[in-house]
Amino acid sequence: MAEEKKQEERKTAAQQEEAPKDEAAQETVQEAEKSDGACETEESGAAQEADGDDGVTQTCGETGDADEKAADAQEEDGEPETDEGGEAKEKKGFFSRKKEKKEDAFKGQLSELQDKLMRQMAEFENFRRRTEKEKASMYEIGAKSVIEKILPVVDNFERGLATVPEESQGEPFVEGMNKIYRQLMTELSNLGVTPIEAVGKEFNPELHNAVMQVEDSELESGTIAQELQKGYLYRDSVVRHSMVAVVQ
């Protein structure tokens with residue numbers, strides 16, 4: 001019983017909700033009929049006035065539709081279209097200016113990066129050359145230091161071989177010492193070590209070190225008459241100056 005009551009209550013509520021809708025629909029239908037009657041009256045009057053004419057008559061609804069279409073066409077052909085075109089142009093100009101600004105900014109950044117790259121490349125090239133020069137200089141300094149320590153050994157070889165008598169020159173010991181001396185001088189020559197020419201040459205303060213003056217009628221003044229200690233060059237630099245006696 002309770003369920004039947006609930007169903008009846010729901011039906012009554014639905015009918016109450018639909019009743020206003022039906023009334024509104026009836027009112028809408030009545031208004032439409034009235035407007036149709038007015039249009040028919042206007043059509044009949046227009047038909048009486050237009051008897052005998054060959055023109056074309058229009059109904060009320062058709063006339064309203066034609067007026068609306070004409071107004072829409074005027075609006076489409078009028079100023080709104082111009083406004084839309086102007087807005088489009090303004091938008092286009094705005095975006096083009098924005099694009100140009102971005103391109104200018106990119107070009108500025110690109111030129112700045114290119115300038116930095118060129119500077120860094122130049123700095124790296126200078127660094128590479130400076131490093132190579134320093135390496136060569138260090139190698140030359142180290143080589144000269146080693147050669148300076150070897151030269152006294154060469155001097156002792158020469159002094160010892162100079163004291164050997166002529167009758168002992170063919171002895172095996174003397175020949176062995178001569179071979180060692182020649183081998184040592186060959187290796188020094190391969191490294192770029194060469195003796196400085198002195199006797200009979202004009203005195204050169206960059207190559208020679210004058211420790212005494214002598215008189216010699218056969219040589220001109222300023223000529224080296226005697227070499228007291230041999231000097232050596234390593235490539236183009238002096239390892240040790242020649243110690244010489246110069247003619248007055």
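Every residue, every condition in (1) of a type outside the set (A, V, I, L, M); (2) under 30 Å from Tyr234 (Cα atoms), yes or no:
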{"residue": "Gln109", "(1), (2)": "yes, no"}
{"residue": "Thr131", "(1), (2)": "yes, yes"}
{"residue": "Lys144", "(1), (2)": "yes, yes"}
{"residue": "Ile150", "(1), (2)": "no, yes"}
{"residue": "Arg182", "(1), (2)": "yes, yes"}
Need a quick list: strands (runs of 3 or more DSSP E) entirely within the range 189-239 having at least 3 residues that are closer than 17 Å to Glu140 by Cβ, of a type in the set (Val, Ile, Thr) and assigned by TED's automatic domain parsing to the domain that holds Ile147. none
Within the range 118-166, the residues that are among the hydroxyl-bearing types (Ser, Thr, Tyr) and either surrounded by fewer than 10 Cβ atoms within 10 Å (Cβ to Cβ) or in contact with a helix residue (DSSP H, G or I) (Cβ under 8 Å, 6 or more places away or on another chain) (or both) are Thr163
In the range 200-226, which residues are of a type in the set (A, V, I, L, M, F, W, C) and over 26 Å from Lys149 (Cβ atoms)? Phe203, Met212, Val214, Leu219, Ile224, Ala225
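Return the only residue of Val247, Val239 being surrounded by 10 or more Cβ atoms within 10 Å (Cβ to Cβ) and free of Cβ contacts under 8 Å to residues at least 60 places away in the same chain.
Of the residues listed, the single one that is surrounded by 10 or more Cβ atoms within 10 Å (Cβ to Cβ) and free of Cβ contacts under 8 Å to residues at least 60 places away in the same chain is Val247.
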Boolean, Lys144 is without any contact (Cβ under 8 Å) to a residue 24 or more places away in the chain, outside the structural domain of Tyr232 (by TED's automatic domain parsing), among the charged types (D, E, K, R) and in a helix (DSSP H, G or I): no
Look at the range 187-200 and say how many of its residues are over 53 Å from the mean Cα position of the chain (by Cα) and loosely packed, with under 13 Cβ neighbours inside 10 Å. 1
The one condition Phe203 fails out of (1) closer than 21 Å to Val154 by Cβ; (2) surrounded by 17 or more Cβ atoms within 10 Å (Cβ to Cβ); (3) of a type outside the set (Asp, Glu) is (1)
Glu158: assigned to a helix (DSSP H, G or I), within 30 Å of Val238 (Cα to Cα) and in contact (Cβ under 8 Å) with a residue 40 or more places away in the chain, yes or no? yes
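The values are calculated or read from the model by the stated rules, or taken from the named source; none is laboratory data. Given the structure is predicted, the values throughout are model-derived calculations rather than measurements. We place every Cβ from the backbone using ideal geometry, glycine too, and count neighbours over all the protein chains shown.
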